[in-house]
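We did not get these values from a lab; they are worked out from the coordinates using the rules stated. Computed from a predicted model, the values in this text were never measured in an experiment. Cβ placement follows ideal geometry from the backbone for every residue including glycine, while neighbour counts extend to all protein chains displayed.
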Amino acid sequence: MTPILVFEGVGKRYGDKTALSGVSFEVQAGEVFGLLGPNGAGKTTCIRILMDIVRADSGTMRVFGAPLGRDHDFRLAYLPEERGLYTKQRVIDVMVYFGKLKGLSAAEARARARTWLERIGLSSVENHQVERLSKGMSQKVQIAATLLSEPELCVLDEPFSGLDPVNTALVRDLIGEIRASGRTTILSTHQMSMVETLCDRVALLSEGRRVVYGPIDEVRRRYSAAELRITIEGELPELPGVESVTCERPGTHRVVLAADTDPQRVLASLIDAGVPVLRYERVLAPMEDIFIRVVQHGEDRG
Amino acid sequence: MRWRTVRTVTWFELTSTVRRLGYLIVTLGMPVFALLYAGLALIPAKLAKEQESAPRIYGVVDQAALLGLGDGEVIVVRSAGFRCFGDEARARRALTDERAIRSYFVVTPDYLASGRVLAHTGPASGLGPWEGRAELSELLRTRLLGTRVEPKVAARLLEPIAGRETFRVGGDGQVEAEGSDAFIGRLVLPIGFVFLLFTSILMSGSYLIQATATEKENKVVEVLLSSATADEIMTGKLLGLGGAGLLQVLIWLTMTLGVRFGFAQLVLPLDVQIAWQAVAIAPVLFITAYAFLGSLMLGTGSFGGNVRESQQLGMFWAFLATLPLMFVPLLLTDPHGVVAHVLTWIPFSAPATLVLRLSLDPDGMSVWEVAGSLAVLVLSTWAAVRLASRLFRVGLLLTGARPSLREIWRQAKGAP
């Protein structure tokens, strides 16, 4: 796969403070890439460097196979974490302005803005002043304004903040649609459940350094203990190579394997014993756990 | 710089400003306010004029026996009447008890030798003891000359320059007659230019700073900077909001000229003579000066945390821009003196100075001086725009505590 974005040894300092220290990662075309980390880890600095808002002190960055240039503006879109709209303007005017800044003609921007307002259920507020919108409505308008130009690479910084569950699902679906259309998204969020649902790969930053990086399933496996969740009919027989068994609810057991036990051997043992296996899965560490273990306790598994 | 992006920013800033209720109220309401204000100001002026038309009466006790007036006789000199009293006691009564006179003068017996005149005020003496001094002096001069000199000589002594005719000798030595107020006519362009420039800068500067501070408060800065460069945004703002400010000033001028009020009434009857050199250079200077000062205002104003702070930071430049006004009397006295030469080369004062000097005496300025001054102004503007766009970017992204000047400089140097 062709990387659409390459960060290589990127460093950035603000005065005495190191914001980024030799950060490297790649974002593949068509994926949803999770850029994670605690507050102050350097995520926003990474994004600002990508958007050419600030310049890196060291390292290199390539976007769409070339060094960053202003001609990339129209192919990128950015929803910042600290965001807002022109409160005294009409909703449609703000969206058209943002669309025009991304290279759309006025007519095209207006047509697309109307389509997007319909898509997010806000057609009725097209001519309202922005200050009349609720926080959630304003958030949705901001997201729609970002996606208006159909960018090839879309950077969304905390897109779910301030949204109720219904609108969170709407934005989640929008990100899914972007991926389905072959376009790329960089998602920065503290909602780890969304990371697990949406992201193909992740990079976790802490104190300006990249501490975790890779496909999300691989990362979760890397930080998971050898645990199985088995749902069966009847009683769980004695299994070889098992350290402990916990019954989560009737029929469902959490099984911790010994260090050298092959999970396939356990499954084979169950089948040999004639136990009807309804569900058999590897228990992966939730991203939230990984985040806390890495950031708070400094756990490093490569 | 992508001009399409600049155009987008310009149009957005212009249309969103001119549609604002506050803008419309100020634009359309200011002339109405000015008319009301002028109307109110005219009332005391009219009353004062009415008072002037009725002669003010002063007493005079002629102890030197120079005036040749009988007791109680009144003589009027222009708007002042002098009533003669035989002795000071009667004059005092007229002043205090009867209140028939505003004050009285005693021409002392030794007046011819000493020139002493004693002024006496009372409870209602208006502007002080020496009110009416000019008229009394004229009366004394007339009486002193009396029959001692020929009437024609006396008339010339009283008014040495009675008939005035004005001519202008051009650079080519040709002599042309012109009205006596032609000098004022030559000031029309520079005064209009300076008025338009400073009003536009103040109005547009206020809009520029307000718009930038609002963007910071509304948190749209990063979205803008991810779509356009700081140069493009700043240029768009300068053009759009400058256009809004200029439009406002033009509307005011049109309304003012439309009702032939104030400035227009003063200017239209004059023999307005405008040097083509000044006319040719004025638009260039106007645009350059606006870009120079506007960008500096925008660059520093972007460091404010809110509208008020931004205005305080940005308006410093507006103050500097008005400095040349302090030198106007010097420039009028000597348009090609040392001060004029120095002011011509300082970017803050060059626009007003150049227009003034070229209007007063276009032939007195060498081509190299005009070109050099213009070059310095253009280069300064370029440098100001470059510096301001970097400051603008740093300032826009600034949140929390304000960084030190060193840190601002460091970040500005490293800005894309």
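Key figures for this structure:
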item	result
Charged-residue dipole, Cβ positions (Lys, Arg, Asp, Glu), the protein assembly as shown about Cα centre, Debye nearest 20	1040
Residue with peak Gaussian network fluctuation, chain A [Cα springs, cutoff 10 Å], from A:Glu158, A:Glu196, A:Glu82	A:Glu82
DSSP beta bridges in region A:3-220 [antiparallel fraction, %, rounded to 5]	60
Sites B:Arg99 and B:Arg19 - FRET efficiency at Förster radius 51 Å, r taken between beta-carbons, to 0.05	0.25
Extended-chain gain in nm, criterion 0.36 nm per residue less alpha-carbon gap, A:Arg265 and A:Glu150	36.5 nm
In Hz, Karplus ³J(HN,Hα) per residue of region A:205-218 (6.51, -1.76, 1.60; θ = phi - 60°; x = Gly, Pro)	9, 8, 6, x, 10, 7, 10, 9, 7, x, x, 5, 5, 5
Between 0 and 90°, nearest 10: helix A:135-147 axis offset from chain A longest Cα axis	80
Net charge contributed by nearby residues that have their C-beta within less than 13 Å of A:Met95 (K/R +1, D/E -1)	+4
Computed lengthening from B:Leu36 to B:His336, 0.36 nm per intervening residue step minus Cα-Cα distance	103.9 nm
Lysine pairs with alpha-carbon atoms under 20 Å apart, chain A, spacing 8 or more or separate chains	7
Candidates A:Leu35, A:Leu187, A:Leu236: whichever shows maximal mean-square fluctuation once chain A is modelled as a Gaussian network with Cα springs under 10 Å	A:Leu236
Kirkwood Rh in Å, taken over all unlike Cα pairs in the protein assembly as shown	33.0
Isotropically averaged projected area of region B:55-158, using the convex hull of Cα atoms (one quarter of hull area), nm²	6.4
Antiparallel DSSP beta bridges within the protein assembly as shown, percent to nearest 5	65
With Cα atoms, 0 to 90° folded angle of helix A:106-119 axis to chain A main axis	40
Nearest-0.05 FRET efficiency for B:Val74 and B:Val169, computed from C-beta distance (R0 60 Å)	0.75
Förster radius 25 Å - calculated FRET efficiency between A:Gln296 and A:Val166, Cβ distance, rounded to 0.05	0.20
Cut-off 12 Å, label 7 Å out along Cα→Cβ of B:Leu66, residues of region B:128-147 by amide N	B:136-146
Positive dipole terminus of the protein assembly as shown, leading residue within B:Pro55, A:Phe7, A:Tyr213 (C-beta point charges)	B:Pro55
On Cα atoms only, tilt of A:263-272 relative to the major axis of chain A in degrees	50
Helical segments meeting 27 Å axial Cα length and Kyte-Doolittle -1.0 threshold in chain B (DSSP H)	B:21-53, B:188-218, B:230-258, B:276-301, B:367-397
Helical contribution to [θ] at 222 nm, DSSP H n ≥ 4, -39,500 (n - 2.57), averaged over chain A, rounded to 500	-9500 deg cm²/dmol
Descending semi-axes in whole angstrom, ellipsoid equivalent of chain B, from the Cα gyration tensor	60, 27, 20
Candidates A:Lys88, A:Lys135, A:Lys12: whichever shows maximal mean-square fluctuation once chain A is modelled as a Gaussian network with Cα springs under 10 Å	A:Lys88
Proportion of all alpha-carbon pairs of region A:41-182 beyond 18 Å (%)	58
Mean separation of Cα contacts under 8 Å, 6 or more apart, over the residue count of chain B: relative contact order %	16
For B:Leu69, net neighbour charge (Lys/Arg +1, Asp/Glu -1) across residues whose Cβ lies under 12 Å away	-1
GluC sites (Glu not before Pro) restricted to DSSP loop in region B:11-120 with at most 14 other C-beta within 10 Å	B:Glu73, B:Glu98
Cubic angstrom per residue, convex hull over Cα atoms of region A:225-283	70
Candidates per chymotrypsin sites (Phe, Trp or Tyr not before Pro) in region B:69-163, loop by DSSP, up to 16 other Cβ within 10 Å	B:Trp130
Over region B:55-158, relative contact order from alpha-carbon pairs under 8 Å, at least 6 apart, %	27
Contour excess over end-to-end distance, with Cα ends at B:Trp382 and B:Val26 and 0.36 nm allotted per residue	124.9 nm
Cβ-based net charge around A:Thr189, under 13 Å, with every Lys or Arg adding one and every Asp or Glu removing one	-3
Over region B:319-386, relative contact order from alpha-carbon pairs under 8 Å, at least 6 apart, %	29
222 nm mean residue ellipticity, helices alone, for chain B (DSSP H n ≥ 4; -39,500 (n - 2.57); rounded to 500)	-21000 deg cm²/dmol
DSSP-defined antiparallel bridges as percent of all bridges, region B:55-158, nearest 5	50
